[in-house]
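Q: One structure, as structure tokens, below. Some questions next.
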Amino acid sequence: VEMYLYYYHKVHHLEYVSFRYSNVYGPRQDPFGEAGVIAIFCEKLMHKKTPTINGTGEQTRDFVYVADVVRANLAALKKGIFGEFNIATGKESSVNQIYKLLCQTIGTKIKPIYGPPKKGEQMRSRLDASLARKVLGWKPKVNLEQGLKLTAEFFKTGN
């Protein structure tokens with residue numbers, strides 16, 4: 001799709017923006033799907049249930065808070081902005097790190113169950129968002145600890 005957008009930009013001067021989001025998390029994320037490990041962990045921990053971590057838990061992701069994603073989308077509305085941008089923190093966090101931080105934030109010592117790894121799962125993921133910083137003037141403002149605290153609070157209170 002990005003190549004088609006680029007073609008239409010060159011031929012018809014279409015201005016477009018294509019975002020490549022890393023792992024977006026935050027309040028209101030559905031904890032009952034297959035994706036969204038932070039929401040899944042929050043839901044389980046808040047209800048005193050034992051979460052399952054697939055594999056060793058050492059697989060990493062680049063987690064970006066939803067409010068930062070919203071700010072990136074708003075920054076892209078400026079006239080003359082076009083192209084493809086990674087929207088991410090540029091930092092890797094393991095599933096084990098996320099679990100440990102959430103347990104500290106929520107105040108629980110529930111030990112996870114480690115299940116088999118997901119077949120074909122990517123072991124490391126981190127995106128370079130320097131182009132978004134340069135062109136959009138965007139960078140993430142909410143660090144992981146703050147974002148986890150805000151997310152856990154939502155799952156606790158519903159607000």
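The values are calculated or read from the model by the stated rules, or taken from the named source; none is laboratory data. Because the structure is predicted, anything quoted here is derived from the model rather than measured. Cβ placement follows ideal geometry from the backbone for every residue including glycine, while neighbour counts extend to all protein chains displayed. Quick note on the areas: whole protein, heavy atoms, side chains included, nothing else; ligands and nucleic acids left out. Shrake-Rupley method; radii C 1.70, N 1.55, O 1.52, S 1.80 Å.
Q: I want to confirm something. Restricting to region 3-36 and keeping residues that are under 14 Å from the mean Cα position of the chain (by Cα) and hydrophobic (A, V, I, L, M, F, W, C), which single residue is most open to solvent (accessible area, probe 1.4 Å)?
A: Here the answer is 35.
Q: Is at least one residue of region 76-83 open to solvent by 30 Å² or more (accessible area, probe 1.4 Å) and either under 25 Å from residue 47 (Cα atoms) or not in a loop (DSSP other than H, G, I, E, B) (or both)?
A: No, every residue in region 76-83 fails to be open to solvent by 30 Å² or more (accessible area, probe 1.4 Å) and either under 25 Å from residue 47 (Cα atoms) or not in a loop (DSSP other than H, G, I, E, B) (or both).
Table: residues versus (1) open to solvent by 40 Å² or more (accessible area, probe 1.4 Å); (2) touching a residue at least 60 places away in the same chain (Cβ under 8 Å); (3) more than 30 Å from residue 12 (Cβ to Cβ).
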position	(1), (2), (3)
54	yes, yes, yes
110	no, yes, yes
118	yes, yes, yes
130	yes, no, no
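Q: Might you let me know whether region 39-55 holds any residue that is within 15 Å of the chain's Cα centre (by Cα), under 26 Å from residue 19 (Cβ atoms) and aromatic (Phe, Trp, Tyr)? Break it down into steps so the answer makes sense when it comes.
A: Residues of region 39-55 that are within 15 Å of the chain's Cα centre (by Cα), as a first pass: 39-42.
Narrowing further to those that are under 26 Å from residue 19 (Cβ atoms): 39-42.
Those left that are additionally aromatic (Phe, Trp, Tyr): 41.
Within region 39-55 (the criterion being within 15 Å of the chain's Cα centre (by Cα), under 26 Å from residue 19 (Cβ atoms) and aromatic (Phe, Trp, Tyr)), the answer is yes, since at least one residue qualifies.
Q: Continuing with this model, one more query. Does residue 98 meet the test of being at pLDDT 95 or above and not in a loop (DSSP other than H, G, I, E, B)?
A: So residue 98 passes the test.
Q: Among what's in region 42-52 and is within 23 Å of residue 122 (Cβ to Cβ) and touching a Phe, Trp or Tyr at 6+ places or on another chain (Cβ under 6 Å), pick the residue that is surrounded by the most Cβ atoms within 10 Å (Cβ to Cβ).
A: This residue is 42.
Q: When you check residue 106 against the structure, is it over 16 Å from residue 38 (Cα atoms), of a type in the set (Val, Ile, Thr) and either touching a residue at least 40 places away in the same chain (Cβ under 8 Å) or open to solvent by less than 60 Å² (accessible area, probe 1.4 Å) (or both), yes or no? Break it down into steps so the answer makes sense when it comes.
A: Values: over 16 Å from residue 38 (Cα atoms): no; of a type in the set (Val, Ile, Thr): yes; either touching a residue at least 40 places away in the same chain (Cβ under 8 Å) or open to solvent by less than 60 Å² (accessible area, probe 1.4 Å) (or both): yes.
Criteria not met by residue 106.
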